[in-house]
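The values are calculated or read from the model by the stated rules, or taken from the named source; none is laboratory data. Quantities reported herein were computed from a predicted structural model and do not represent experimental measurements. Because the Cβ atoms are built from the backbone with ideal geometry, glycine has one as well, and the counts that use them run over all protein chains shown.
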Amino acid sequence: MSMSKNQQGGLIQSLRHRLAMTQEEFAHSIGVTVSTVNRWENGHIEPSRLARKAMQGLASQAAIPLDLDHDAAPLIGHVGKDI
């Protein structure tokens, strides 16, 4: 299943909230601009592979499960099971 820009944007925003960061803090921590984070969260653009890797690193440091892979189902903060 492929993730839409809006789904991915919601996942990024959820991660940022779980990390208790503003868009500015989040942007600074992964090396992008605030407007880039805003455009991701609003589904206007998709993060690059390098940006996704940086977000995965932040999530991992905070022990937050995160999967931003385009070919996987969205996962953040919970464990689902296959039916």
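Odds and ends about this structure:
- Residues that are part of a loop (DSSP other than H, G, I, E, B) and either surrounded by 15 or more Cβ atoms within 10 Å (Cβ to Cβ) or at pLDDT 95 or above (or both) within the range 2-32 comprise 3, 19, 20, 21, 22, 31, 32, listed in sequence order.
- Restricting the first member to the range 5-18 and to residues that are within 11 Å of residue 68 (Cα to Cα), and the second to residues that are among the aliphatic types (A, V, I, L, M) and part of a helix (DSSP H, G or I), the beta-carbon pairs closer than 8 Å and six or more apart or on different chains are 12/37; 12/55; 15/55; 15/58; 15/59.
- Residues satisfying the stated conditions in the range 38-69, i.e. in a helix (DSSP H, G or I), of a type in the set (D, E, K, R) and touching a residue at least 12 places away in the same chain (Cβ under 8 Å): 41, 52
- Which numbered condition residue 35 misses (of (1) surrounded by 14 or more Cβ atoms within 10 Å (Cβ to Cβ); (2) at pLDDT 95 or above; (3) assigned to a helix (DSSP H, G or I)): (1)
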